[in-house]
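Before any comments, here is the structure.
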Amino acid sequence: MRFVAVGKRVPRLDGPDKVAGKTQFGADIALPGMLWGGILRSPHAHARIVRIRTDKAMKMPGVVAVITGQAFPTSDGEGVPVLARAKVRYEGEAVAAVAAETEEQARAAVSAIEVDYAPLPYVADIREATKRGATRVHDESEDPKHPNIAGVAETKRGDVEAGFAAADRVFEDTFETPWVHQGFLEPHVSLAAMDPASGRLTVWTSTQAQFNQRADLANLLRLPMSHIRVIGLPVGGAFGGKNAVCVEPIAGELARRTGMPVKVVVSRRDDFFATRPCGAAVMELKTGVKKDGRLVALRARLLFDTGAYPGAQHGVGASLAQGPYRVPNLAVTSYSVYTNRPPAGARRALTSPHVHFALESQLDIIAHSLGIDPLEIRLRNALRKGDPVLGGMEMPYTVAGKVIRTAAERAGWEQRPSRRSRGRKARGVGIAAGHWSVWAGGSSAWVQVNEDGTISVVTGAINLTGTNTSFAQIAAESFGVTVERVTVHQGDTDTSPRNDGSWGSRVLFGVGEAVRRACEDAKGQLAEGLSEEMGVPADRILISEGRVSVRGKAGRSLTLAEAASRAADYRGAIIGAGALSDLPFAVAVAAQVAEVEVDRETGQVEVKRLTCSQDVGRAINPMSVEGQVEGAASQGIGYGICEEYIYDAEGTLLNDNLMDFRMPTSVDHPEYEVALIEEGRDGGPFGAKGVGEPPLVPTAAAIANAVYDAVGVRVKQLPIKPERIVRELSRGR
Amino acid sequence: MAEPQMLQPSTLSEAVKALAGRGAVAMAGATDLIPAMRKGEIRPRVLVNLKGIAEMTGVRRTRQGTRIGALTRVADLLDDPIVAQDLPLLADVAAGFASPQIRNLATIGGNLCNAAPSADLALPLLVVDATAEVRGKGGRRKIAMSEFFRGVNRTALRPGEILTAIVVPRPRRRTGMAHAKLGVRKAMDLAFVGVAATIQISPDGKKCRRARVALGSVAPTPRRAAKAEAILEGQLVTSQLIDEAAEGAASESRPVTDLRASREYRREMTRVLTRRALREAFRRAGKEQP
Amino acid sequence: MAGETAMRFRVNGRDYQVAAGPTERLLDVLRARLGLTGTKEGCSTGQCGACTVLLDGEPGASCMVLAADAVGREITTIEGIAPPGELHPLQHAFLEHGAVQCGFCTPGMILSAKALLDRKPKPSDEDIKRALVGNLCRCTGYRKILDAIKSCAGSTRGRSKRVKKR
């Protein structure tokens, strides 16, 4: 199939404003008469709120309003209170908020709010938290015999005990991953203003999900949805960290009480410990294999730290536990566990990177133990078409093996040094794979064909990764015109149709398909409008390559502009709509080979090269897809070797800044090689599927496996700290 | 919080007078000061901006040695031809200091006066017996770099005193210098351990005539490793001797466990990095023309 | 505000007179007083590089500079590196190479790159990486940023290009 727009390397449509510094992010916006919001946060990991006195703060210069937990009788959609009521359950939990005329006045007023806390014992470790007698984070509603269980998910297939009985070898290992921040560079920010005449509230915010924001705000502020307009702003990075409501309800409530616009900017420090970072996990795997490496049984017990409030970690964790492999007998029990930590949010691919770190590390252990090449064991077990995958589906295509093999080939797997070098610096190579299920969710788009034949696309999906540019390519392809003839507008909740949030790699897959369907709808309307004039039934009118013609009648054709202008006369307007929620899951498989250098004396790990392959179905915009792969892998490198939250014995976060929470810098990145495979086609536009999450999934495991190859140290706990390697090496001496 | 008053003296005596006032705080590059003020850790009533004081700027050679004005920016240390010749180790360390954005603001005097246990720039100065030039109400005085640091964020400066310059003695013959630093990231990282070393060898190139070893991030202050130095001085340099000296440095380190690394790891890395720095310093000393 | 004094700043070749407080940062003056919001605030502690501006041609973290200290210096922000309606070759290269994703680090990143190329028109790969250690990017993994800067090596002193209208 020849394409005119799909598959082209099109620069981001929002790029010119971004490189020029013209893009207005939340912090850049100022409204006339705007007040500043400030938030008081708990210094305790767990405490009862005995008393809050706000009278002093109220009298401070410039202060217009002070609110406490009473302002919000209900919690948000995930069960997280906006301001703590009666108890604080993590350090940094918001307790009260103020609105004042200047930022400094707001800050001063916050420190004038007096709170008496009665500190309580706290629990921070997931394993401790599930023991009998553990401190309970939510004492009112829990089973004391099984404390702090926020959610359980179980999945079963076959007979796992019979599987272990039939296995030649059984391996049992436990893996751990840390709390990490998503690492977006733009801190959370929101503005709100209420129109006193209509009682309508407008909220401008840096969010991944404006319609979900609207639903949560309607509930929290007790307003009908029609009275709330959420305007999703350009987002300076999110990676799952801006899925949920954050300071929007605080800005909204302060705006309502004061009748003035209110802006709330979260500081970098507060963004570290008081928003929704990615939670820790402990994963126990018991795996039975045949001598030839075939997997026969897997029992997994997964504990995900959900922090102080409920989350969705356990469900997704359970659904991914088999990895991109055939596992005939399987039993997974997955828990979300409460601790006195921040409420855990999403991070690119949710718990898939955790689970795959465990699975892929253990698969490496198995391969080495059985004397099978780590590549070979993966190929032998790779999912094929028709294999059951979790969630009651069947694998729709055979592609996993090719993805894994491609990564290995591109990395020169067969030529890699077979023995570990003896010098101070040891090189090693490791491979890992991973998968992610892409769910389209509620997706919609409008497409208008203008009288001059240009095309306007409107969606309510937040454009994080350049999806608007891909939408332009999809629409251009549908009409057979160049990308320059298409504009894409991200509307807000008043001006665009409803969409789920921009998460889980769903936007290009789901909303992209909605755009394609909206284009088809518009083409149908054009054809109907013209059918009488052209004297042929609508289904014989063909729209392609920017022209409208009659099938089988050469010579009778109109330009799109002529057709659109006439059709507008007949129909008023050509407005195509696409809305869907019914696409089957797409399965996205990624594989990576990491080459590392390990300093035997200091334990320092440097990732020298990272080869990434991935099935993307169809790369609508290869440049953008490569950017997703490289960016995700970069986050995987951070997850693998340098990022973690570090707490002291009092439960206080110690590394609440970008020096001590170490994200990889320009000199910490390897050479990347990216191979895109365009084979596993699902219901997405032109066969495309989500691409953003999968490439983070295998990275940490590939690095850990490379470290093992280099120095023979098996790290089962992320990040792979130099100190851990040195300790293990000296133990082995 | 009351906004502080900003004073911009143009001479040292004006600055000394200004600093005598209540709540006066000296300011140079301000890269440590601004975050501390914003966090409320310090609440100055008067900020004394030293940047207009000509006497505190520039690098030049004097009879005592190389004089580096305290206002010299970290970025300038990288490019300065005199530093490149007289103390290339300082330029090396400056190159790994934070980022260009910070190196263009931060000053050597500010980094030393902030007196962090990890103060990068202190190490090369400690191993060349540099001296701090200080001016206060009582006039001028000199403080050996080895006496300058007194504790975490504490120096030997008396209230109201200003660090005006660092004086580095003329380079010694047959001397090699090296440093080693360990962090997780390859840049923008506060070191777990930093080591600088100099070795002056005998004319036959075999014996260590004089040795200096300085350690960072393994004690409340950057400090010399006297034991390691004593092990080396006067001895035939062998790989075994260097190992012993490295062991000595590790044994006299006083590291703590903090968010960046454990005490045990820091001590072990003190040994590893001291050995690396000494080996390199010895190698370089052999390359120097006698 | 109490304690404000009038200060003169030279930004992007223009002179401004602004009243600013003694602890006000250059970042605050640029963003809040002059409306030059292309300079971003990501961490407030000099660790992310989003607030990078050029001071006399050298990159500096504007969150780490008191306004009073910037008086008399030639300040360049992202808004000032190309004439209105045009793009600097680096801006153009960032677009064409896919070096822009969320765009929050982009202004600071481009200014760091510009300072490097102005000083060293043909930098090595290592020079480029070293020049960017103070500019965190969480979206791209840096490869496309390096490609964009490399493509400009030796040519940025040339004229800026017209913005392509899409």
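Taken together, the values in this text are just the output of simple stated rules run on the coordinates, not laboratory data. Computed from a prediction, not measured in an experiment: that's the story for all the values here. A quick note on method: Cβ atoms are made from the backbone with ideal geometry, for glycine too, and the neighbour counts reach across all protein chains shown.
Details
- Cut-off 17 Å (backbone N to label point 7 Å along Cα→Cβ of A:E103), residues of the range A:185-203: A:185-192
- Between A:E545 and A:A577, the C-beta separation translates, for a Förster distance of 22 Å, into a calculated FRET efficiency of about 0.35.
- Neighbour net charge for C:P107 - beta-carbon separation under 9 angstrom, K R +1, D E -1: +1
- Estimated dipole of the range B:96-211 in Debye, rounded to 20 [Cβ of Lys and Arg +1, of Asp and Glu -1, Cα centre]: 400 debye
- Full extension of the segment from A:A86 to A:D373, taken as 0.36 nm per residue of separation minus the current Cα-Cα distance, would add 97.6 nm.
- Gain on full stretching of the segment that runs from A:H489 to A:T652 - 0.36 nm per residue minus C-alpha separation: 54.3 nm
- Among the DSSP helices (H) of chain A, those spanning at least 20 angstrom by Cα along their long axis with an average Kyte-Doolittle hydropathy of -0.5 or more are A:352-370, A:622-637; this is a geometric and hydropathy rule only.
- Relative contact order, percent, chain B [alpha-carbon distance under 8 Å, six or more residues apart]: 15 percent
- Chain A: relative contact order as a whole-number percent, Cα under 8 Å and 6+ apart: 15 percent
- Magnitude of the charge dipole, the range C:86-159, Cβ model with Lys/Arg +1 and Asp/Glu -1, debye to 20: 140 debye
- Whole-angstrom gap from the range A:610-652 to the range B:234-280, using each part's C-alpha centre: 36 Å
- Test item: A:336-347 mean partner chain Cβ contacts at 10 Å: 0
- For the range A:283-414, the relative contact order comes to 24 percent (Cα pairs under 8 Å, sequence separation of at least 6).
- For q = 0.12, 0.15 Å⁻¹, Debye-computed log10 I/I(0) when each Cα of the range A:613-691 counts as one equal scatterer: -0.51, -0.66
- Legend: calculated FRET efficiency, B:V25 to B:E233, from the Cβ-Cβ distance at R0 = 45 Å, rounded to 0.05, equals 0.60.
- DSSP-loop trypsin sites (Lys or Arg not before Pro) across the range B:24-67, with at most 14 other Cβ within 10 angstrom: B:R45, B:R63
- In this Cβ point-charge picture (+1 for Lys and Arg, -1 for Asp and Glu), the range A:393-516 has a dipole of about 1660 debye about its Cα centre.
- For trypsin sites (Lys or Arg not before Pro), the sites in the range A:211-261 that DSSP calls loop and that have at most 15 other Cβ atoms within 10 Å are A:R222.
- Ranked by the mean number of other Cβ atoms within 10 Å per residue, highest first, peptides A:493-499, B:234-240, B:100-106 order as B:100-106, A:493-499, B:234-240.
- For peptides A:367-377, A:274-284, sequence by mean Cβ density within 10 Å, most packed first: A:274-284, A:367-377
- Cα shape, the protein assembly as shown, gyration tensor, a/c 1.5 rule: prolate
- Rounded to 0.05, the FRET efficiency of the A:D195 and A:D55 pair, given R0 = 30 Å and the Cβ-Cβ distance, is 0.50.
- Mean projected area of the convex hull spanned by the Cα atoms of the range A:279-437, taken over all viewing directions: 10.9 nm².
- Of the peptides A:390-397, A:685-692, C:83-90, A:80-87, the order by per-residue mean of other Cβ atoms within 10 Å, starting with the highest, comes out as A:685-692, A:80-87, C:83-90, A:390-397.
- Euclidean distance between Cα centres, the range A:166-201 to the range B:1-72, Å: 43 Å
- Shielding by partners, peptide A:668-674 (average Cβ within 10 angstrom, other chains): 4
- Per-residue shielding of B:40-52, expressed as the average number of other chain Cβ atoms within 10 Å of the residue Cβ, stands at 1.
- Sorted by Cβ neighbour density within 10 Å, fewest at the top, the residues B:F149, A:F357: B:F149, A:F357
- A:M393 paired with C:T5, simple spin-label distance in nm, labels 7 Å along Cα-to-beta-carbon: 6.6 nm
- Spatially, the range A:571-604 and the range B:134-185 are offset by 53 Å when compared through their Cα centroids.
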